[in-house]
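First up is the structure itself, then whatever we jot down about it.
The values are calculated or read from the model by the stated rules, or taken from the named source; none is laboratory data. The structure presented is a predicted model; accordingly, all values stated were derived computationally and were not measured. Note: ideal-geometry Cβ built from the backbone for every residue, glycine included; neighbour counts use all protein chains shown.
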């Protein structure tokens, strides 16, 4: 009976070969799948978030330019609308308020934003999830952002109290919404979104006009640019119009905090897709090369016979390339499934973290086609050398057994270096020396696994270092109180008298643009007195640096983006009310991982701004036993617009990063184990098939199974150990690239890898090595001694 | 009473591959005595290699009794069979089975390192006439030289028995004779009980006894009244 009727004989051989070598084929397919999955996961999540953001911005008219002022007359809005390059201008009222939430001791901060009465918003339209927008003039109604509502289990009808412009106002929630302006809803001075302590509150324009004394006026405006308009020019003109009304300098989307954070996240995803997948593709190509070479060498005589029968080189070559293609397709299929699944999971995770009203899952066919093409390409390149080698042999030569491998003595043998080593170990060493390329590539494959693990794990080290530097060495205050306007120095005394306050240190902030030639950055310039203890500046060795008597301290990120060094002169454009430009010398470059930092003496800053001694806020340390009393007092204090609590910030920082990093790290560890396993398993299987005869001979001579297995495993163990230092170097390098890729104006990652991380990475790969060795050991134990010894070498 | 080293009674061996049964041995009775050289002669498929493998602890009989002195080989587990081979048995195969990455001396050391009372590798290789070539790799030796290294490796541990499966099968007659000389020397000088499997009838006359195999059993056993030296053999 003819089985598989109609299938050509060579193809039948192909299918049977795949079944015969299925564990090795699967191991290779899984490595291929890892590369495909990471590519699809990263790029798929990136595209999904990109598209989600694009649609959200378009549908809800996210503005292009944002500006604030102290108080500008309403009629200015139509003048601004007429500026060249402006398509739409919408004025509003926006300001911060301290919130008193029942059941929460610490005060929260709310950003109150007005909604036009009697007409819908034109720009930054909220997406109402439940309820409605507040009625015109309804001073007790508020619509809040969904994350805040969820954090407090608030619903329509829930109440809380806000201190608006020094007056307590009870508010009732009438609506719950999302906004494109607050996809990343972060409070002033916060590092991470704290939905318990920061709310976006939409209220009636009339109500906020009355609350903030802005009748017939506005203090915030957003613009939509016309097609082809140049943002910088529009901003320049807008600043000119708002200067006399206390404008603090307009900015585009790139400086809008929510957009900036989302951008940084997307940048990281893109970096991920560039760094990780090539590693997997490289390892896959190497594995395929190794496996195919061995397979072809075992089938050498068959190939000669097939050639002698009249099959062309093309037919034989395509037979082996079909084998490679089949393994690749299996890997690609698994990779597609895993990548799509993980990508959707990652997108959902981001959707949870960022406040999107909907999520678009991008399944562009081109991504899958590219991933498949890259994978297949890598596989074919890996297999090409082996295939061409098989084809080069004339049929008659191929049908003869190959000449035996020639071994030589090891370096140093003449001086008796290996005298005390057993013959079994000598066998292993000489085998490695005989096939140095294969040994090197096996070690390289393993070292890539180690490297991948280091890249995954070092994130924890970096985060801990960031936390240590930021929360325990630099920003050591318990809280920061911000005032709505610059306030006279005597407010420091008032702060000292708050319950439990142990120390008060003032600060001043001003919106500036720091320039060096054509490079510039918009940032908040901070002024501090000399000798602050609560907050400190750190040098590159994390030692405290005093605020210099003259000049400016900037952090490394700012120094790098503006190409500024110690001693350079920088141009400071004062955006607040357009007070002109000054020149300041850079005294020192400090280490700070959060944002763009520029610092000088508070007296110098006030002088720069041509103002007397005023402060924007104070950092405080307080007795935690009196925390409740302090909070109560703060909630009652009219002239505090917002409060940042450090211990909350630290807790949130850890929790948020831990969740994000843990998921990615788990995925990478899984993938790295697959690589280690794939490399070791294939190497061991190939060695087993090549040395079955030697191993069987040893069994016949009376060596136990464990002793015989040691011959194989000694070589694998040596390669695994050799792979570690190389893996550490690769991990170090990949981590450095990752740090550079992830660095942004919002935060940079310290490049710190603890010794324990190197050790953990090595332990995991060694464990994977041992695991695959155990599986191969079973095959060694099952060697059919008689069958092996009867076959001719 | 002659010193019986091996005792086989009604030994059978059946191989099953799917539904097909192959009766390789159909009831073999055999005694091998200490110090003798026996040739097991027969065509391919007659069961002689199967019996050798059972005697050497590489395989187990399906039924029957097979003893090495007081040791019942049919009752030994895998570990015990390995220990038995390690201590008592030397093997020589048709295709030498040397470790290619070890020199001649090192191939012999492989065995002496795990033996209780071995001779030195040098001594074993001298015995087979390969003293000057002991530091060469197998790829640098001729077929006959490789087989003699295999013999040296087999006897270096001073085994009680030497089992040779077609030791001259891959060699020309001139080289084969040299190998037979080495085996004969080992049997004479060390008193090792030696069994040689072959389908080459010319070899049978160097033995003390010849067991002729056919269809899975010993059809005939002959005692050579006069033994010839290996140098007198030709084929």
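Annotation note: of A:98, A:36, A:86, the sole residue that is buried (at least 24 other Cβ atoms within 10 Å of the Cβ) and at pLDDT 90 or above is A:98.
A residue that is under 30 Å from residue B:214 (Cβ atoms) and within 8 Å of chain A (Cβ to nearest Cβ) occurs nowhere in the stretch B:102-113. The helices (runs of 4 or more DSSP H) located wholly in the stretch A:385-499 that include 2 or more residues which are within 14 Å of another protein chain (Cβ to nearest Cβ) occupy A:423-434, A:436-467.
Scanning the stretch A:57-70 for residues that are touching a helix residue (DSSP H, G or I) at 6+ places or on another chain (Cβ under 7 Å), at pLDDT 95 or above and outside any loop (DSSP other than H, G, I, E, B) yields a total of 3. For residue B:230, the criteria (1) within 16 Å of the chain's Cα centre (by Cα); (2) under 18 Å from residue B:168 (Cβ atoms) hold in every case but one, which is (1).
Evaluating residue A:330 against the criteria (1) buried (at least 18 other Cβ atoms within 10 Å of the Cβ); (2) closer than 27 Å to residue A:675 by Cα; (3) within 20 Å of the chain's Cα centre (by Cα) leaves one unmet condition, (3).
Taking the conditions exactly as written (more than 20 Å from residue A:426 (Cβ to Cβ), in contact with a helix residue (DSSP H, G or I) (Cβ under 6 Å, 6 or more places away or on another chain), at pLDDT 90 or above and away from every other protein chain (no Cβ under 12 Å)), does residue B:61 satisfy them or not? Considered against the rule, which asks whether it is more than 20 Å from residue A:426 (Cβ to Cβ), in contact with a helix residue (DSSP H, G or I) (Cβ under 6 Å, 6 or more places away or on another chain), at pLDDT 90 or above and away from every other protein chain (no Cβ under 12 Å), residue B:61 comes out as yes.
Listed conditions (1) within 11 Å of chain A (Cβ to nearest Cβ); (2) surrounded by 16 or more Cβ atoms within 10 Å (Cβ to Cβ); (3) in contact (Cβ under 8 Å) with a residue 24 or more places away in the chain; (4) over 30 Å from residue B:67 (Cβ atoms) are all met by residue B:81, apart from (4). Taking residue B:154 as the residue in question, decide whether it is surrounded by 23 or more Cβ atoms within 10 Å (Cβ to Cβ) and either facing chain A (nearest Cβ under 10 Å) or under 15 Å from residue B:176 (Cα atoms) (or both). Judged against the criteria, residue B:154 is a match. None of A:683, A:706, A:697, A:735 is part of a helix (DSSP H, G or I), within 14 Å of another protein chain (Cβ to nearest Cβ) and crowded, with 23+ Cβ neighbours inside 10 Å except A:697. Residue count for the stretch B:119-151, restricted to those that are part of a loop (DSSP other than H, G, I, E, B) and within 12 Å of chain A (Cβ to nearest Cβ): 4.
Across the stretch A:307-343, what is the number of residues that are touching a residue at least 24 places away in the same chain (Cβ under 8 Å), closer than 15 Å to residue A:11 by Cα and assigned to a helix (DSSP H, G or I)? Count: 12.
Restricting the search to the stretch A:207-238, which residues are free of Cβ contacts under 8 Å to residues at least 24 places away in the same chain and over 39 Å from the mean Cα position of the chain (by Cα)? Passing the criteria: only A:215. Criterion applied to A:264, A:285 was being touching a strand residue (DSSP E or B) at 6+ places or on another chain (Cβ under 8 Å) and within 25 Å of residue A:452 (Cα to Cα), and the one residue passing it is A:264. Residues that are within 30 Å of residue B:14 (Cβ to Cβ), out of contact with any helix residue (DSSP H, G or I) (no Cβ under 6 Å at 6 or more places or on another chain) and in contact (Cβ under 8 Å) with a residue 24 or more places away in the chain do not occur anywhere in the stretch B:104-117. Going residue by residue through the stretch A:177-188, is there one that turns out to be within 15 Å of residue A:114 (Cβ to Cβ) and free of Cβ contacts under 8 Å to residues at least 60 places away in the same chain? Yes, some residue in the stretch A:177-188 is within 15 Å of residue A:114 (Cβ to Cβ) and free of Cβ contacts under 8 Å to residues at least 60 places away in the same chain.
Just one of the numbered conditions (1) without any contact (Cβ under 8 Å) to a residue 12 or more places away in the chain; (2) farther than 19 Å from residue B:34 by Cα is not true of residue B:201; which one? Evaluating residue B:201 over (1) without any contact (Cβ under 8 Å) to a residue 12 or more places away in the chain; (2) farther than 19 Å from residue B:34 by Cα leaves (1) as the failure. Residue B:162 fulfils the conditions (1) more than 10 Å from chain A (Cβ to nearest Cβ); (2) in a helix (DSSP H, G or I); (3) buried (at least 21 other Cβ atoms within 10 Å of the Cβ) except for a single criterion, (2). Applying the selection to the stretch B:89-101, what residues are farther than 14 Å from residue A:699 by Cα and more than 7 Å from chain A (Cβ to nearest Cβ)? Listed by number, the residues that qualify are B:94, B:96.
Inside the stretch A:113-168, residues that are free of Cβ contacts under 8 Å to residues at least 60 places away in the same chain and outside any loop (DSSP other than H, G, I, E, B) make up a count of 9. Scanning the stretch A:625-632 turns up no residue that is touching a residue at least 60 places away in the same chain (Cβ under 8 Å), surrounded by fewer than 22 Cβ atoms within 10 Å (Cβ to Cβ) and not in a helix (DSSP H, G or I).
Checked against (1) more than 22 Å from residue B:12 (Cβ to Cβ); (2) within 14 Å of chain A (Cβ to nearest Cβ); (3) surrounded by fewer than 18 Cβ atoms within 10 Å (Cβ to Cβ); (4) in contact (Cβ under 8 Å) with a residue 60 or more places away in the chain, residue B:44 passes all but a single condition, namely (1). Taking the stretch A:346-366, which residues are touching a helix residue (DSSP H, G or I) at 6+ places or on another chain (Cβ under 8 Å), surrounded by fewer than 15 Cβ atoms within 10 Å (Cβ to Cβ) and under 18 Å from residue A:38 (Cβ atoms)? Within the stretch A:346-366, A:363, A:364 meet the criteria.
No other residue among A:726, A:688, A:721 is free of Cβ contacts under 8 Å to residues at least 40 places away in the same chain, away from every other protein chain (no Cβ under 14 Å) and surrounded by fewer than 23 Cβ atoms within 10 Å (Cβ to Cβ) apart from A:721.
Of the residues contained in the stretch A:738-751, none is found to be out of contact with any strand residue (DSSP E or B) (no Cβ under 7 Å at 6 or more places or on another chain), within 14 Å of chain B (Cβ to nearest Cβ) and in a helix (DSSP H, G or I).
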